Amino acid sequence: MILTVKNRSALLEKSFRLVETDTTKDFFTYFDYLCENILDFVHPDEKERFIDLVTGKNDKSDNRSDIFHLLRNNGEYRYNFVSVRNVREPYLARIRLFDIYDAIDFARISVDENNKIHTSLGLTNDYLFTYQKSQDLFTLVYYSQGREIVLYKMRLEDWKNLLIEKKLVSKNSINNLNVFCSDIAENPNSVLTRLEGSFRTSGSIEEKLRLIGTRYDGLDDVYMVGRILSDEDMLEVQHSHTVIEELQIDSLSQVYNKKTITSFAEQRIKAALPDPFALVILDLDHFKPINDQYGHLAGDKVISRTAKKIKEIIGEDGLVGRFGGDEFMLILDNIVNINILRGILRALLVQIKKEFEGNFEGITLSCSVGAAVYPNNGLTYDELFKKADFCLYRAKDKGRDRYVFFRDDMHAQAYAERLKEIGDGKGSEGREIVELKYMADYLQGLQKKPYEALMALLRHMIGIYSVDGISVYAGPEMKSIAHVGNEPPVLRSAEYAFSDDFKQFLDADGVALLNFTSEIPEGNSFGKIMNDADVCSTIHCVIGSRDNFWGLLALNKLRIPARFADYEVNCGRILAAGLALIDLKSLG
């Protein structure tokens, strides 16, 4: 079960039908997508009392409230705190509610019509705390046999100082106490700390305690609501999946953890709702160098900022979880067409990259994203996850900083082959490792049969890389001496390699990488030749050195521009370096 503390709000017509507004979707997700009349979801024994509350039959005040059993979309009646506010015609009232179970875990609930929300929280022998942000008011109460006993009710700082001054908390827990008070004052999604002390027993018995809380956005204020449990208490409740605990929220990123986001995805599929959703896996690129060069504290801040940015981007249309390390899982709702998915995935790439621009010298932090859509790409969690993970693998494979979503027409065969590789125990090797092994074989083959070794490698590359043609040039006129794939007539010679217009694109290692035609300035002679040949993306590697070369290797993508993967560039460098070791005339 996934817990969220959400304050739901909607307008009611006089017939008790919901008026569709931006906020009404929260009712639909809680009750049913076919929800129209709120009375259909009120427990039959409580409908009359519910009608009286909404219409103001017994209470004409502008704000009134009570607790009711409401039927959730999983078929379970849940306790909800319902408040009603009068509104102008033609509407009947504005109704707000929140699920009490989502605010705090109940061991037992005893509710009657005369006791309001504080009674509903009155768990036998439970210690509960609340923090009201606007009043800076911390309250700790003890419930015994339906009676509320207030132990502390004061400013948060005063409560902390009191515990320290009266030695109601042990010395080794003072730091945890300071952190806890600082945290709840900021009203995060959840809090968890461990304290040793006797503040529950007024100094008589030392206890080891856990303080577990969650945020509740009330009608007019923000609260932290939580429980104080001893280790003995925890033994009784630790197997309950409704405890608001660290098992739900990842403490570093403040998004759902792996177990919770996975559970949500599984439940979303089991619900068999008609609307499609996307399962998305996002992985940060070049995160390890940040940890290595700047330390784990910097890495932790990157994780935290990334999680915050993801939540900003997807808003109310999905959930975010941290899957571990620098990997996140997203569940995106309302994916009614593929263009919506494209837009969200594109926003993730652009905004996360922008978030860290200039933060780490020499490191460009970006992300790679893989996605699969229910029900088109699968009807089970495992199938969706595997396909999204496959797409992430493809995104990394293609050079990172990109997204890939699963398409049967493009990925079905490769996905089947990938599953077979994994089944054969070969799936642990990334594409870059596989290609570097081909390069090693090529370098060994150059010593014996250079032409055969070269052509075997070129045929492999044209089949595996997303390129249309590969050519090797040599001699004073840079004539083509070996090629596979498409070689337009204008590219049968590469004399342009000696021009300044070409050399300006070479890096220190003698490699020119142009992923898109827009990277070639107009009026450039090298660019004109590429355009005349319909080359949209290219890798050119000199054979020799940048300032003294006698050959050239070119890998060209025609008509459709696309970014080259890192391993493709690296393998091009190795291929050219190998050719520099032999007499190119032997290839002619």
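Read-outs: derived from the displayed coordinates by stated rules, not from any lab. This one's a predicted model, so the numbers in the text were calculated from it and none came from an experiment. Methodologically, a virtual Cβ is constructed for each residue, glycine included, from the backbone with ideal geometry; neighbour enumeration extends over all protein chains shown.
Full extension of the segment from ALA412 to THR364, taken as 0.36 nm per residue of separation minus the current Cα-Cα distance, would add 14.1 nm. Full extension of the segment from GLN267 to LEU443, taken as 0.36 nm per residue of separation minus the current Cα-Cα distance, would add 58.1 nm. Each residue of region 191-208 was assigned a 3J(HN,Hα) from its phi angle through the Karplus expression (A = 6.51, B = -1.76, C = 1.60, θ = phi - 60°), giving 9, 7, 8, 10, 10, 10, x, 10, 6, 6, 10, 6, x, 8, 10, 7, 10, 9 Hz with x at Gly and Pro. Ordering VAL350, VAL141, VAL535 from the fewest to the most neighbouring beta carbons within 10 Å gives VAL350, VAL141, VAL535. Between ASP300 and LYS585, the modelled labels are 6.6 nm apart [label points 7 Å from Cα along Cα→Cβ].
Based on the Stokes-Einstein relation at 20 °C and a viscosity of 1.002 mPa s, and on the Kirkwood radius from alpha carbon pairs, region 445-545 is assigned a translational diffusion coefficient of 148 µm²/s.
Report note on the peptides 282-293, 156-167: ranked by the mean count of other C-beta atoms within 10 Å, highest first, their order is 282-293, 156-167. The value for region 258-428 of Rg(Cα) / (2.2 N^0.38 Å) is 1.03.
In a fully extended conformation the segment linking GLU316 and GLU48 would gain 93.1 nm over its present Cα-Cα distance, using 0.36 nm per residue. The local environment of GLY475, defined by Cβ-Cβ distances under 14 Å, has a net charge of 0 under the rule Lys, Arg +1 and Asp, Glu -1.
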